[in-house]
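The values are calculated or read from the model by the stated rules, or taken from the named source; none is laboratory data. Remember, predicted model here, so these are calculated numbers, not experimental data. Glycine also receives a Cβ, built like all others from the backbone with ideal geometry; neighbour counts cover every protein chain displayed. With ligands, DNA and RNA removed, areas are computed over all heavy atoms of the protein, side chains included. Shrake-Rupley method; radii C 1.70, N 1.55, O 1.52, S 1.80 Å.
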Amino acid sequence: AQKVTQAQTEISVVEKEDVTLDCVYETRDTTYYLFWYKQPPSGELVFLIRRNSFDEQNEISGRYSWNFQKSTSSFNFTITASQVVDSAVYFCALSEYNQGGKLIFGQGTELSVKP
Amino acid sequence: DARVTQTPRHKVTEMGQEVTMRCQPILGHNTVFWYRQTMMQGLELLAYFRNRAPLDDSGMPKDRFSAEMPDATLATLKIQPSEPRDSAVYFCASGVWTPLGGGSGANVLTFGAGSRLTVL
């Protein structure tokens, strides 16, 4: 069965600190995709990144970076030098190819960045 | 930027009333999803369509919820009769799914702004 676990319910940091949001997934498929979405206080869900199961290269985009490790079934997200605007709920999600592309979300991690 | 449009943005109704939420997916997207977000359950998948055909609605309470795509530009989620426990934010999302050989095979879902439903 497919499952996504975000063990950290809430994280609070001070601006400029680095912070890592953890994501662990379960799947029996060999072809799958992992996602991160951001939900700011305004409520919409904003796509951040997609990774497929064949590509374990880490990715960096500005202050954001993602570490995908199949050996530990993890897809962690790090924000470097956090800013107040990073305050949001972050969701990790899994899509199995044989499930027609539907996303299964983790419970989300609420990040609060204080000035 | 192309957007998924949801209406209404906010709805307050009384228990027992019918509620219809509408979604206009992005033109050219062939999959449409309905999710519900609550504090207790997080983001739950209710139903989804590909090329307007329902693929999975196992997440919906069948006795009161129904989802349809009367055409490629409109998806609807109806609750009849509504109950207080249906209070939530309902998100519509659309994306493109292609067979693995012909493309990524994966949806990058674009979400609408959500419809916040309050049932009194």
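General remarks:
- Looking across the range A:90-115, the residues that are open to solvent by 10 Å² or more (accessible area, probe 1.4 Å), of a type outside the set (Gly, Ala, Ser), touching a Ser or Thr at 6+ places or on another chain (Cβ under 8 Å) and in contact (Cβ under 8 Å) with a residue 40 or more places away in the chain come down to A:Glu96, A:Tyr97, A:Asn98, A:Ile104, A:Gln107, A:Glu110, A:Lys114.
- Highlighted here are the strands (runs of 3 or more DSSP E) found entirely within the range B:6-120 that include at least 2 residues which are under 22 Å from A:Pro40 (Cα atoms), touching a Gly at 6+ places or on another chain (Cβ under 7 Å) and hydrophobic (A, V, I, L, M, F, W, C): B:88-95.
- Of the listed requirements (1) part of a loop (DSSP other than H, G, I, E, B); (2) crowded, with 17+ Cβ neighbours inside 10 Å; (3) within 14 Å of another protein chain (Cβ to nearest Cβ), A:Gly43 misses just one: (2).
- Filter result for A:Gln83 (open to solvent by 50 Å² or more (accessible area, probe 1.4 Å), of a type outside the set (Asp, Glu) and touching a residue at least 12 places away in the same chain (Cβ under 8 Å)): yes
- Residue match in the range A:56-70 (condition: touching a Lys or Arg at 6+ places or on another chain (Cβ under 6 Å) and within 14 Å of another protein chain (Cβ to nearest Cβ)): no
- Per this entry, B:Ser66 is not counted among residues that are of a type in the set (S, T, N, Q) and touching a residue at least 60 places away in the same chain (Cβ under 8 Å).
- Residue, nearest to A:Phe91 (Cα to Cα), within the range A:1-35, restricted to residues that are of a type in the set (S, T, N, Q) and surrounded by 12 or more Cβ atoms within 10 Å (Cβ to Cβ): A:Gln6
- Of residues in the range B:36-58 being of a type in the set (A, V, I, L, M, F, W, C), within 21 Å of B:Leu74 (Cα to Cα) and at pLDDT 90 or above, the one surrounded by the fewest Cβ atoms within 10 Å (Cβ to Cβ): B:Ala53
- Selection status of B:Tyr35, touching a Leu at 6+ places or on another chain (Cβ under 8 Å), without any contact (Cβ under 8 Å) to a residue 24 or more places away in the chain and either over 30 Å from A:Gln8 (Cβ atoms) or not small (Gly, Ala, Ser) (or both): no
- The lone exception for B:Val89 - which of (1) within 14 Å of chain A (Cβ to nearest Cβ); (2) open to solvent by 40 Å² or more (accessible area, probe 1.4 Å) it fails: (2)
- Meets criteria (more than 23 Å from A:Ala1 (Cβ to Cβ), touching a Ser or Thr at 6+ places or on another chain (Cβ under 7 Å) and either modelled with pLDDT under 95 or away from every other protein chain (no Cβ under 11 Å) (or both)) for A:Val13: yes
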